[in-house]
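The values are calculated or read from the model by the stated rules, or taken from the named source; none is laboratory data. Computed from a predicted model, the values in this text were never measured in an experiment. Neighbour counts are summed over all protein chains in view; Cβ atoms, including those assigned to glycine, are modelled from backbone coordinates with ideal geometry.
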Amino acid sequence: MAEVLQVRSSTKKSSKQTSVAGYVALCYHYIRDTQKKEGSFHRLLGTNQQEFSKHLDMLQGNYQLLRPQEVMRFSKGTFSLSSQKIGILLTFDDGLADHYQAAQILAQRGLSAYFFLPTCILKEKLPANPTILHYGIAAAGLTSFLEHYRNALEEYRLPIQQYDVVFEVGKQDPWEIIAQLKQTFRYRFSVSQTRAVLLEIYRTLLVKRYPSVFESMHLSEAQVREMIAMGHAIGVHSHTHVSVAVLNEDESLFHAEVIEPKKFLEATFQVHVDALSYPFGGKQDCLTWEALIARTRDYDLAFTVEEILNTQTTSAYELGRYMPMSTDTDETLHKTIERIVQRGQGGRETSVSRHSLASEDCAGSVAGDGGQGKTHAPRPTSHAPADIRHPEVIHETADPHQ
Ligand SMILES: [Zn+2]
């Protein structure tokens, strides 16, 4: 009798503790070294290095940090996660120059991460689309950036009246104008028009002022090689950073942006590349798992930016991630992860504000004051209108962030 009671009580205890095993993936963009004073890119928003280290302290203290290989095996069912400790996977999008130091910081702690690279940065030594936008606005301010934008439209004979984006300083919210610009580049132009206009701005605005600007924007092949030697994994983030769902219908573009990059990375670095991170990552930018495997079986994992707990039942082609913002402290990040975990385990959402949804998109993005001399001005997330907070609208439309 006593034995039965004991069994019953332990059953009760374990059922109370039962939780779904899984992991939360984080998707970082800019990790700024605030000690560096040179350059005119102080407007770029991102997590500063000191804050990044605090994030890592918090993550290592509360969660099980997973290696890319472990996440791969978890999806295949050959690696199990403890239901007592939630896993965390670190990922970095866009092949930003900042990621070299971030990779070193992680390696010093014995951690490894996925770094998702747009292959244009290695193959053509040209920046990815959103990086041109971020650096262009950071360097020139929004007003001057828009002048360069109009000149580029003229250069490519694109009708200005159809694509113009107007910013009246003091009257309009610069963030809304930046969001408009991002929408235009992502969905209104064709893929080749977007690329042509942005590369024109890159040449006339950035390279002209800062001949070696590319090195401050993106990783080099030698750096990626070193990062792999540190134990990190690389994955595909398209070739020029395009919305994969937008180009899905175009056979040759799909090949150039999704298939070829994997082959290029494997041939260049002699590693197996098995993961894809969808640029922008919102629902309207990603394929469903059915649509992806109908097009290609080249990948084993695909990451979006849906804020979900990845469990054994999550499709390996629709894995979620949360994009930490420049305003995320270790504390707010901890709360956000707990909220995602709780939701993933069928619990009620806490009253924690959904600040996370006002992400800056693939990026860090920039302070769009349009004026000169303003320092790092974080996006006023708490006052963003409700529709802008929706990740599908804001992601890489306002970043982070992509
Ligand atoms: Zn991105």
(request) Take ILE337 and decide whether it is more than 20 Å from PRO130 (Cα to Cα) and crowded, with 21+ Cβ neighbours inside 10 Å. (result) yes
(request) Out of the residues in region 222-242 that are among the polar types (S, T, N, Q) and within 16 Å of the ligand (Cβ to nearest atom), state the one that is surrounded by the most Cβ atoms within 10 Å (Cβ to Cβ). (result) SER238
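Results for (1) touching a strand residue (DSSP E or B) at 6+ places or on another chain (Cβ under 8 Å); (2) among the hydrophobic types (A, V, I, L, M, F, W, C); (3) surrounded by 20 or more Cβ atoms within 10 Å (Cβ to Cβ), shown as yes or no for each residue.
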{"site": "THR143", "(1), (2), (3)": "no, no, no"}
{"site": "TYR149", "(1), (2), (3)": "no, no, yes"}
{"site": "GLU154", "(1), (2), (3)": "no, no, no"}
{"site": "VAL166", "(1), (2), (3)": "no, yes, no"}
(message) Only one of TYR322, TYR299 is closer than 18 Å to ALA21 by Cα and out of contact with any Gly (no Cβ under 6 Å at 6 or more places or on another chain). Can you tell me which?
(response) TYR322
(message) closer than 26 Å to LEU89 by Cβ and more than 17 Å from the chain's Cα centre (by Cα): is that true of VAL271 in this structure?
(response) yes
(request) All but one of (1) at pLDDT below 95; (2) assigned to a helix (DSSP H, G or I) hold for VAL165, so report the exception by its number. (result) (2)
(request) Report yes if LYS54 is at pLDDT below 95, under 30 Å from TRP175 (Cβ atoms), basic (Lys, Arg) and surrounded by fewer than 22 Cβ atoms within 10 Å (Cβ to Cβ), otherwise no. (result) no
(message) Being crowded, with 16+ Cβ neighbours inside 10 Å and assigned to a loop (DSSP other than H, G, I, E, B) is the requirement here; does GLY281 meet it?
(response) yes
(request) Would you confirm whether any residue within region 255-263 is surrounded by fewer than 22 Cβ atoms within 10 Å (Cβ to Cβ) and touching a helix residue (DSSP H, G or I) at 6+ places or on another chain (Cβ under 7 Å)? (result) no
(request) Working only within region 48-104, note down all residues that are in contact with a His (Cβ under 6 Å, 6 or more places away or on another chain) and more than 16 Å from the ligand (Cβ to nearest atom). (result) MET58, ALA103
